[in-house]
1. Tell me, in nm to one decimal, what length is gained between B:Glu231 and B:Arg257 on full extension, where the rule is 0.36 nm per residue of separation less the Cα-Cα distance?
2. Based on alpha-carbon atoms only, what is the radius of gyration of chain B relative to the globular estimate 2.2 N^0.38 Å?
3. Could you quote the convex hull projected area for the range A:133-232, Cα atoms only and averaged over all directions, in nm²?
4. Give me the distance in nm between label points sitting 7 Å out from Cα along the Cα-to-Cβ direction at A:Lys374 and B:Arg100, one decimal.
5. Under a point-charge model restricted to the Cβ atoms of Lys and Arg (+1) and Asp and Glu (-1), what is the dipole moment magnitude of the range B:252-333 relative to its Cα centre, in debye to the nearest 20?
6. To the nearest 10 degrees, how steep is helix B:204-219 against the longest Cα principal axis of chain B, on a 0 to 90 scale?
7. To the nearest 500 deg cm²/dmol, what mean residue ellipticity at 222 nm is calculated for chain B from DSSP H runs of n ≥ 4 alone, each contributing -39,500 (n - 2.57), summed and divided by the residues?
8. Set the Förster distance to 51 Å, then compute FRET efficiency between B:Asp296 and A:Ala291 from the Cβ-Cβ distance, nearest 0.05.
Amino acid sequence: MRPVADQQAAATDFPLADCLLAVRLFTQNPDSLGGICLRGFGPVRDALVEKLVGALEPLGPVLKIPNSVDAERLLGGLDLAATLRGGRSVWRPGLLEMAEKGVLLLPMAERIDENIAAHIAQAMDNGDLSIILLDDGMESDEAPPKVLMERVAFHCDLAGSRDLEAVAALELSSKDRVPKLRSMTRKKRASLAAVAAACGIGSVRPLLFAERCTIGHARIAGHDKIANEDLQAAVRLVLAPRATQFPQGEEASPPAEDEPSPSDQDTSEGDDQQSIEDIPLEDLLLEAAAAAIPPHILDQIEGRVRQPGKGQGGRAGNKQQSSRRGRPKGTRPGVPGSGRRLALIDTLRTAAPWQTIRRRESGNAEPGKVHIRKADLRVHHFEERQESLTIFAVDASGSSALSRLAEAKGAVELMLAEAYVKRSQVALVAFRKEGAEVLLPPTRSLTRARRALSALPGGGGTPLAAGLIAARQLAEAARKRGQTPTIALLTDGKGNVMLDGSASRTGAREEMQGIARGMAALGISSIVIDISPRPRPEAAELAEALRGRYLPLPKAQSAALVAAIESVGKAAMA
Amino acid sequence: MSGFPFSAIVGQEEMKLALLVAAVDARIGGVMIFGDRGTGKSTAARALAATLPPIRAVDGCRFHCEPESRDDCPDPCTSKRVRKIAVPFVDLPLGSTEDRVVGTLDLEKALAHGEKHFEPGLLAKAHRGFLYIDEINLLEDHVVDLLLDVAASGENLVERDGLSIRHPARFVLIGSGNPEEGELRPQLLDRFGLSVEVKTPDDIDQRVEIMRRCDAQERDSAKFAAKWRGEDAKVLRQIERAKKALPKVKTPAKILRDTAALCKTVGADGLRGELTLMRGARAFAALQGDAAVTLDHLKTMAPLALRHRLRRDVLDETGSTVRIERALEELFG
């Protein structure tokens, strides 16, 4: 929709200088700005973080929280050793308590568990705790948990930055030059609110951050009144990275009404008599917002990537609670066995406070003996990423097969290119002549897929029924492994070879319908992509029998295919 | 049984070079080895670790601290005695649990004496040595997450099981895997300074020589090791000399410009590619006994330092190595 030149400007126009400015503003007022997210790992960020931590340490504790932290350590809990030794409960404060009035440093923030993120968010809401998120995400849909992103003022992207000297030159001990400036006029607030609305930002938090950022910027710059550039900085630093739509001047909604707070009167700069320059101001700010939207946000706005859904989004396949493997998700009461593993430490921790009583009860007070009851038992509980499997069943018959195959190949490769992020697999079945063949068993490997695809032959009759059966077998096997299969059938729906290899159009059609209905009954989700140049009812009928989606794509394009298949796959996982 | 001597490994020059360069300058980071099974990946890594001279460590310290930097040790680490130990070489098996990797509460001590004690994991064992992960592309995601942060920060921070411990964990990460069996997360790839692609040698004579040497080693490993001791000592001297010479190796401004131009042409992401290529070329020059980095050093190291950093274009099947060679040809003729 937008000219290419604009996009390029956006890609380079959120430079390191703004990130450094954000870091300065944050160090000046860490509590009220919530925190900062620094995306893009590399030497520049390492240097910047070192500097930032150095500046924050004199102000309060700076605690690094490893990704493997457990909720118990975060929130505090029973000190096992001390409790056993002392015969009474000894509590140990959690990291959140220790970090009060300080800063948490969160490496690999895009991988933080939502449960951990929720605890941190709560602690931020309840006290003076700010956070530094180090986001190592590379793909557009890899990002730290939304609850945390929402609570930090600045989202900085350092991925393209290479200027180590600029970081080295950054001065973070700057004292406010105009410390008295504390609030802004209603008009200026309204213009910030209008920009937020134009950018599609619903939450009020960013507005508060933008206001504080404006004031902070004015103080650093030594303005005794809020200047346009202060507002522009806030728009660039706080609002633009949160845009969910591309701001357009005309769409800007009327200024939100907000009551001037009591503090407005005493230290407010100027007054409301600047309506003449307010009109261009809004345009000015919108322009600043438009230019500063970072590229990965643009991707999301323009639908080049799937919008992350709830939580952390669909980047790594859906999650499944599991008692056997995956990422540890804490423990719960339960008896070990049938694959559940005993969580020894938590079991002991549950038993520890009762030891004095139990020793007395049982008359066995031998030191070093721990009395454990069945109710104390705790088992591990893991989270496994549920893998998705997309099975491409491609009609390789006839003369037009070549172009379809090329598109199918493109779609398979596009899906695989994201597979290492999303933990999804792809398989490929081709049917032609007398039967169907699994050309690519379920895999995540691009290298292997490429080799299989390059050998994909075309031509001959259309044994659609055989293709369906082969796809169904793959789907059922995938289910047994705990995967969620989706079948993408690329065909014109005109089967003409029966399972026994005999050629009969009507026979093949009946056979095919029966198989399709059987698959629908199994609840296998599917999509039929009609790739014939002029879509006919056959493929639509097939989709109906499969109870799947029907999508006529006479000029199938790989990217469009992927988008359609993923929407079906997502529904299957939900 | 003695291990296989480093210098007895037939062929695989690129892999050997990458390991040597990583041994000369630890800041380069680890080595990722792509390739089939049975191409001597783990043998080479293990052999190099065994070739290196023993390191000095505080006696009895579970983190084998360097006597000069024992302040970072979470243990009391008070022994006055210094012991020489072999360079640690730790295998991280695929099924490792988090506890096993980062370390956990020592239950026996907690139960018997009511003492809180940290039981170090594999990361602690690998400190000052090598951490080898075979089939790293099949490693579970959450274990990869643990490694990423430790490999970047050089310390292991444990905040779980009621423990709060930090200990140094600086190691050369060596990963190996077959890209056919699954891709590696780009974040993990970036942590590796160098990457090499190994293939089974297709030269018959080389294969015969490999068979002969493996056989000799199996029959009498001590004798075989003795036979190659001289060669291994040469490798060791080469590394020692290079380490000493490294700070003095000059990097001309023109080479820096060439490095930047090359990285720009091939589209290597981020600054890390350039820094690694520069360090790699410098370490290579030091290994060769040269006083300054030349274009030849740069050209040799470019595929190793850059091939895993190129943004992959799904529809372009050209391998990374070919793209780098093309760029080298284009820029430097």
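We did not get these values from a lab; they are worked out from the coordinates using the rules stated. Keep in mind that this is a model prediction, so the values were computed, not measured. Neighbour counts run over all protein chains shown; Cβ positions are idealised from the backbone, glycine included.
1. Gain on extension, B:Glu231 to B:Arg257, equals 5.6 nm.
2. Cα Rg divided by the expected 2.2 N^0.38 Å: 1.05.
3. The orientation-averaged projected area of the Cα hull of the range A:133-232 comes to 8.1 nm².
4. If labels sit at A:Lys374 and B:Arg100, their model points lie 3.2 nm apart.
5. Dipole of the range B:252-333, to the nearest 20 debye: 300 debye.
6. Tilt relative to chain B: about 20 degrees.
7. That comes out to -14500 deg cm²/dmol.
8. The pair B:Asp296/A:Ala291 has a calculated efficiency of 0.70.
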